[in-house]
Amino acid sequence: FVNGAWSSPQRVDPDSSVTNSFPRIAVANGGKVVVTYIRGLLGAAVARISPSPGAPFGAEHIVQAGGSFADVDLSPNGNGYVVAESSNDVSAERLDGTTWTEVAAAGALDSDPTQEAGGGNRQVRVAASTDGAGGAMAWGEILPTPGDGEDVFVCL
């Protein structure tokens, strides 16, 4: 949406023979756009960056192989985070300019990697701080003891 008008649609996913799903989008001051989606039926959570209005999207960046859901948020300066779910674990990457960095070297951030985290009504969501240096993510996770239900977790 530039100067009060929507632009023409622009294809973001590069392969029309693959079923892509769960698109999410974040926009920063100056028009930088990051789009995430799940590529293919078995999934890879991917992100693509357009640095300014009308600029083409860069190459796909795989956030999480086997990803089933992704979310993105940017600060006004264009830095931010992408979170993803894969094999019932949650993970995150930080975006600084156009450079991606894993948030945790071990990958999964959920409280108990043996339990189901994210997925269904437990999808992981992220919010970047105003300077993009920090943020928070939240997700639902099944508790290890049968009958204990599900809880919500937050990572800052």
message: Name the residue that is farthest from the chain's Cα centre (by Cα), counting only residues in the range 25-42 that are open to solvent by 20 Å² or more (accessible area, probe 1.4 Å) and not β-branched (Val, Ile, Thr).
response: 30
- line: Pairing a residue in the range 4-22 that is free of Cβ contacts under 8 Å to residues at least 60 places away in the same chain with any residue that is loosely packed, with under 10 Cβ neighbours inside 10 Å, where Cβ atoms lie under 6 Å and the two sit 6 or more apart in sequence or on different chains, gives 19/41
- prompt: Pick from the range 57-70 the residues that are free of Cβ contacts under 8 Å to residues at least 40 places away in the same chain and farther than 13 Å from residue 99 by Cα: which of them is most open to solvent (accessible area, probe 1.4 Å)?
  reply: 65
field: Filter result (hydroxyl-bearing (Ser, Thr, Tyr) and open to solvent by 10 Å² or more (accessible area, probe 1.4 Å)) within the range 43-55
entry: 52
- prompt: Is one or more of the residues making up the range 76-86 open to solvent by 40 Å² or more (accessible area, probe 1.4 Å) and closer than 15 Å to residue 25 by Cβ?
  reply: no
Answer from 74, 109, 95 - the residue that is over 13 Å from the mean Cα position of the chain (by Cα) and among the aliphatic types (A, V, I, L, M): 109
query: Would the range 92-103 turn up any residue that is in a loop (DSSP other than H, G, I, E, B), open to solvent by less than 80 Å² (accessible area, probe 1.4 Å) and at pLDDT below 85?
result: no
statement: Only one of (1) farther than 23 Å from residue 153 by Cα; (2) more than 9 Å from the chain's Cα centre (by Cα) does not apply to residue 80, and that is (1)
- request: With the condition kept exactly as written, say whether any residue in the range 72-88 is modelled with pLDDT under 90, outside any loop (DSSP other than H, G, I, E, B) and under 25 Å from residue 19 (Cα atoms).
  value: yes
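The values are calculated or read from the model by the stated rules, or taken from the named source; none is laboratory data. Owing to the predicted nature of the structure, the values given are computational and were not obtained by experimental measurement. Cβ atoms come from the backbone with ideal geometry, glycine included; neighbour counts cover every protein chain shown. The area values use the complete protein model at the heavy-atom level, side chains included, leaving out ligands, DNA and RNA. Shrake-Rupley method; radii C 1.70, N 1.55, O 1.52, S 1.80 Å.
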